[in-house]
Amino acid sequence: MNEKRKQRKKKKRPIAGEPYPVTRAVTHIRLVEVNPGKLAALDTLAPVYLALCQQYITLFCTKESPNKLRDPLYQTPLSERWHRVAIMQAAGIARSWRSNRTTAYQQYQTDLEQYRKHQADGQLSAHAKEPQWREWNMPTLREPCIQANVNVVKLETSQESSFDYWLTISTLEKGQPIVVPVKLADYHKAQLTDPKTQQARKLNSSVQLNKREGVWWLTLSYDEEVHAETAPDAPVVGIDVGIANFVTTSTGKHYGSFHPRMRARHKRDRAKRRRKAKLRACLKKKGVQKLPSASSRTGQRLIRHTRQEINRAVNQCFTDPEHEGVQFAYEQLSVASMRFKARAQNAYLRASQLGHIPQQIAWNSQKRGVKATPVISAYSSQECSVCHYTDRKNRPDQRTFRCQVCGFEAHADHNASVNLSRRIGDRQLRACRDRSAIKAVLMQRHESWKQQQGMENIRPVKRRKRVKSSAAVSSI
Ligand SMILES: [Zn+2]
């Protein structure tokens, strides 16, 4: 049984009909302080823990590869068990930092290569800037965040009715743990009840403790079995991700957008931040020690608002009756290419939210048991979905796709989503080492399309518009 479970865990892609576990978090459980000063022991522990964790983060980001089983290296007043928890948390943080950095660096190299090539060909546009690599900062723990396991924090069901759980937290004082009651809100209880059986869900033994603005918060988690609903031969719907339309599918639908009112709000926020930056610079020059904060509250609110809109759009796409029984293919954006894609105005702010869309697609796919595969997105917006002719000139403007060769015309995002829908299982594209290799493959496909059509002599024809509907849903 144990072995079987191990095997199942190894499998990356769930098989249709078979259950697989998804971990869900129950957040924002406030730790109540019944006796004043009880949480003081936790307050004393937090900075010590944070400092130790930070030491290992630095070690794992610079000198060693992240290893949660690494032998303890640094001196600390913390117990051996707490020490191990700190190493494990640091290894997790360093691992994701390293992999994100690698992806961004690869993208930078690709961008640079492309820039140099355009420079050599004299194709460089007047606005083009040479891509710059800025070394990433080391992740720093600013606010107390403790990812604890059962060895240091124990969660037990309370027998009394006034509280739901007891949390036993070991402290810096050996053999003197603190015991903190946990009271759940009604919505927490609803979340922790299985709607099918009406029974309480089994909680995972690891918990997270956060301190924000002087208050300690607890995050619990549980595993839920989700059944993979997608048949192996399910038709593929492609998803193109953008800011004008958050989600555009190859079935020709748009979901959510960065509408004009939000755009105006972003613009105002940007102007405000610029004024603030000027003020900061001015004060700094005069030698003022305490500068006003650089982050803006309205900016944070705008980001939150945009994310909510994105979540809603992705939800709508997944629950659309037209998409029942399909699988999705979506573009996996990297941070660097997101910046590239959101070149306009406050590029970074928008880029940070553009990246939220694929994350949300992945999460929706997981929780619904619907298959969604990230696919190579290079040239998906420049490739013609009819004849594969790939050229920047196919995009007369942001909205429009018009093929220079076959004359196919469509909404640009729709054309891209059709291309993406076909890229699942495209081994030839996946074998490409860089963007220029991908372009070469696409142009090869264009050549064979021309031969098939007996169109060796290229001449733009404007009559293939009807292909749009038949290309909408393609299956593998
Ligand atoms: Zn074409």
Checked region 420-429 for anything assigned to a helix (DSSP H, G or I) and within 14 Å of residue 374 (Cβ to Cβ); matches are 420, 421, 429
Restricting region 194-215 to residues that are touching a strand residue (DSSP E or B) at 6+ places or on another chain (Cβ under 6 Å) and modelled with pLDDT of 90 or more, the one nearest to residue 157 (Cα to Cα) turns out to be 203
Being in contact (Cβ under 8 Å) with a residue 12 or more places away in the chain and open to solvent by 60 Å² or more (accessible area, probe 1.4 Å) narrows 100, 149, 137 down to just 100
Quick count over region 398-410, residues being open to solvent by 40 Å² or more (accessible area, probe 1.4 Å) and more than 10 Å from the ligand (Cβ to nearest atom), is 2
*Could we say that residue 416 is open to solvent by 30 Å² or more (accessible area, probe 1.4 Å) and modelled with pLDDT of 90 or more here?*
no
inquiry  = Residue under question is residue 91, and the condition is that it be within 29 Å of the chain's Cα centre (by Cα) and either under 30 Å from residue 434 (Cβ atoms) or open to solvent by 40 Å² or more (accessible area, probe 1.4 Å) (or both); does it hold?
reply    = no
Q.
Quick check on residue 375: is it of a type in the set (A, V, I, L, M, F, W, C), modelled with pLDDT of 80 or more and touching a Leu at 6+ places or on another chain (Cβ under 7 Å)?
A. yes
Residue set 395, 435, 422, 430; condition within 15 Å of the ligand (Cβ to nearest atom) and either over 21 Å from residue 246 (Cβ atoms) or open to solvent by less than 30 Å² (accessible area, probe 1.4 Å) (or both); output residue 422
Taking region 360-385 and keeping residues part of a loop (DSSP other than H, G, I, E, B) and either more than 16 Å from the ligand (Cβ to nearest atom) or surrounded by 22 or more Cβ atoms within 10 Å (Cβ to Cβ) (or both) leaves 369, 370, 371, 376, 377, 378, 380, 381, 384, 385
When region 152-162 is checked residue by residue, the ones that are over 19 Å from residue 41 (Cβ atoms) and surrounded by 12 or more Cβ atoms within 10 Å (Cβ to Cβ) are 158
In region 174-211, anything in a strand (DSSP E or B) and either open to solvent by 40 Å² or more (accessible area, probe 1.4 Å) or over 22 Å from residue 160 (Cα atoms) (or both) is listed as 179, 193, 200, 208, 209, 210, 211
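Residues checked against (1) open to solvent by 40 Å² or more (accessible area, probe 1.4 Å); (2) at pLDDT 75 or above; (3) among the aliphatic types (A, V, I, L, M); (4) touching a Cys at 6+ places or on another chain (Cβ under 9 Å):
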| position | (1), (2), (3), (4) |
| --- | --- |
| 283 | yes, yes, yes, no |
| 296 | no, no, no, no |
| 303 | no, yes, yes, no |
| 317 | no, yes, no, no |
| 330 | no, yes, no, no |
| 337 | no, no, no, no |
Residue in region 120-131 that is surrounded by fewer than 16 Cβ atoms within 10 Å (Cβ to Cβ) and part of a helix (DSSP H, G or I) present: yes
Residues of region 240-281 being touching a Phe, Trp or Tyr at 6+ places or on another chain (Cβ under 7 Å) and at pLDDT below 75, in sequence order, are none
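The values are calculated or read from the model by the stated rules, or taken from the named source; none is laboratory data. All of these numbers come straight from a predicted model, not from anything done at the bench. Don't worry about glycine lacking a Cβ; one is built from the backbone with ideal geometry, like all the others, and counts go over all protein chains shown. Please note that ligands, DNA and RNA were not included when accessible areas were found on the heavy atoms of the full protein model with its side chains. Shrake-Rupley method; radii C 1.70, N 1.55, O 1.52, S 1.80 Å.
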